[in-house]
1. Give me the pairs, please: first residue somewhere in segment 1-20 and surrounded by fewer than 20 Cβ atoms within 10 Å (Cβ to Cβ), second residue anywhere and polar (S, T, N, Q), beta-carbon distance under 7 Å, and either six or more positions apart or on two chains.
2. Condition test on LEU191, is it in a helix (DSSP H, G or I) and either under 22 Å from THR322 (Cα atoms) or modelled with pLDDT of 95 or more (or both)?
3. For segment 423-479, which residues satisfy the criterion of being farther than 27 Å from VAL51 by Cα, near ligand 1 (Cβ under 10 Å from one of its atoms) and outside any loop (DSSP other than H, G, I, E, B)?
4. Tell me whether segment 343-353 contains one or more residues that are within 13 Å of ligand 1 (Cβ to nearest atom), at pLDDT 95 or above and small (Gly, Ala, Ser).
5. Could you list, in sequence order, all residues of segment 467-512 that are touching a helix residue (DSSP H, G or I) at 6+ places or on another chain (Cβ under 9 Å) and of a type in the set (S, T, N, Q)?
6. Under 8 Å between Cβ atoms, at least 6 apart or on separate chains: pull out the pairs that start in segment 333-345 with a residue that is under 16 Å from GLN381 (Cβ atoms) and end on any residue that is among the hydrophobic types (A, V, I, L, M, F, W, C) and modelled with pLDDT of 95 or more.
7. Taking into account only those residues within segment 387-422 that are part of a loop (DSSP other than H, G, I, E, B) and touching a Phe, Trp or Tyr at 6+ places or on another chain (Cβ under 9 Å), which is farthest from ligand 2 (Cβ to nearest atom)?
8. Condition (residue is modelled with pLDDT of 95 or more, within 22 Å of the chain's Cα centre (by Cα) and among the hydroxyl-bearing types (Ser, Thr, Tyr)) applied to segment 111-129: is it met by at least one residue?
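The values are calculated or read from the model by the stated rules, or taken from the named source; none is laboratory data. These numbers come from a predicted model, not from an experiment. Cβ sites come from the backbone with ideal geometry, for glycine too, and all protein chains shown count toward neighbours.
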Amino acid sequence: MTGARRLVGALAAAGVRQLFTLSGNQILSVYDATIGRDIELIHTRHEAAAVHMADAWGRLTGEPGVALVTAGPGMLNAVSALYGARMAEAPVVLMAGASPRAQRGRGAFQDVDQVAVARPVVKAAWSIEDPARAGDDVARALALAASGRPGPVYLSLPGDVLESEAPDADSAPPAAGGEGALPALGDRDALAVVALLAEAKRPLILTGPAMGRGARWAAVERLASVVGAPALPIESPRGLNDPWLRGATRLLGEADVVLLLGKPLDYSLRFGEAFARGARVIALDLDAAADAKGVTLSVTADPAPAAERLAAVAATRARPVTAWRDEVEATRRTTPPAWEALRRGDSAPIHPLRVCAALASYVADGALLITDGGEFGQWVQAGLEPRERIINGLSGSIGSALPMAIGAKRAQPGRPVIAAMGDGTFGFHAFELDTAVRHGLPIVVVIGNDARWNAEHTLQIRTYGAERTVGCELLPSRYDQLAAALGCHGELVERPDELAPALARALGAGRPACVNVLIDGQPAPTFGGGGTRGHA
Ligand SMILES: Cc1ncc(C[n+]2csc(CCOP(=O)(O)OP(=O)(O)O)c2C)c(N)n1
Ligand SMILES: [Mg+2]
């Protein structure tokens, strides 16, 4: 059996049902090996898009999304998206074709040290070297991507390893269980953390992106309710200035004890300066540094089981009920009174909050909302209250929303998926609308078209003055016509009263749709407080 067949066999055995991919010489043996297997090739128009799709799949299902791209430029195209998956702690496996081993370092076609390129942005990167073990490598990569702190894993696939025949390995080692044993929370540490939380008047729990999803998040919420702390995932590149936190941003800066669960004290928390002076910070993570600056108590433990354990320990202690948790949540849900008029406004170009108002009922009915960076993205995050959202994440990279919507629709085909993004952001992967058409994945793209890169334009005004704006203009292009040319349903919306019928037609079209809304490019809302401003 060839290495390629063994690799595909291992993917199928692990339950992988699709590869997000773009073809190339070096991976055609893998394509061939999928014939007759229950694995679909979702073939994209750019390698980064393939990884963004795998990223969304990983975030929604908890299972690794798998992308397959060709060597050299194909792999290099995917690297930026790998960074997005790493910062979002999304389980992803990227496999890329690579030069035959005998040609390494001899100027082979599209030869570049792909493992070295991938290493800074993945949990692990290696090259498959033995066709007999190709299946084991795949199983290991999949397990590693999903375990501990999830993230991307990279595998190079040398052409000769894929194509050569090899007998089955004598005794294939059992698939390794990810990272092996992860550090567990000790009794003394558990008591110390609970004691600090018990003393707090305004405790706060912040998590990293992975702890903010699925079963991990359920554990966090149990702990939060036992200790009377608001719990929030930090997944926005604007940190505590995440527009979805609204006025709660200010309150969070008043917390007196902050428990960071799987959340580094990084730029998104202004390295600790986002908190009140004197606030005590507990850092609990797989790799918590013992002497981290600004940290009162540092605990090395796997945060997901630790959250369960802490909840159990804290439940044995009486704790006075305070209004703090409810106050933060109520403030988070409250939008400024002045927004009501903007949500109902009838002026053109359309205010971003008017677009939010038109989307609200779909989101309330359970549509999955995917939003990307830029000022329009921030407005959408501030102006809507989805049960579940996917945003670009701590990478602060724009452009992923459209391909992520495709990966999400593949994962949850029965659910409406709405991707709302700026016009600049749309341009990065607009051609993936073609991928959505070919694969019958009827996503709805809503473009807030202000004919500029407004986030940067706004920063220029703030930093250099209104008379020194330069290089951030776009055109009010007919992206709806572009979409229609690719086989999508297209809508142009110029006036507020056109919004609701256009969205209804788009969501009912039964094929991918693009609603091109000419908006008034407004600076994103800010609510004051700690955090990081101005990031995508
Ligand atoms: C990959 C990447 N390139 C560039 C940026 C810088 N950037 C952040 S927001 C933004 C403008 C986005 O424009 P658009 O999508 O039209 O949204 P708007 O701000 O106009 O609402 C840019 C260029 C980034 N964050 N990521
Ligand atoms: Mg724009």
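1. Between residues of segment 1-20 that are surrounded by fewer than 20 Cβ atoms within 10 Å (Cβ to Cβ) and residues that are polar (S, T, N, Q), the close pairs are THR2/SER29; THR2/SER164.
2. So LEU191 passes the test.
3. Those that are farther than 27 Å from VAL51 by Cα, near ligand 1 (Cβ under 10 Å from one of its atoms) and outside any loop (DSSP other than H, G, I, E, B): HIS457, THR458, LEU459.
4. Checked against the condition, which is being within 13 Å of ligand 1 (Cβ to nearest atom), at pLDDT 95 or above and small (Gly, Ala, Ser), segment 343-353 yields no hits at all.
5. Within segment 467-512, THR469, SER477 qualify.
6. The qualifying pairs are THR335/ALA382; TRP339/LEU353; LEU342/LEU353; ARG343/LEU353; ARG343/CYS356; ARG343/ALA357.
7. Checked segment 387-422; the qualifying residue farthest from ligand 2 (Cβ to nearest atom) is PRO416.
8. no
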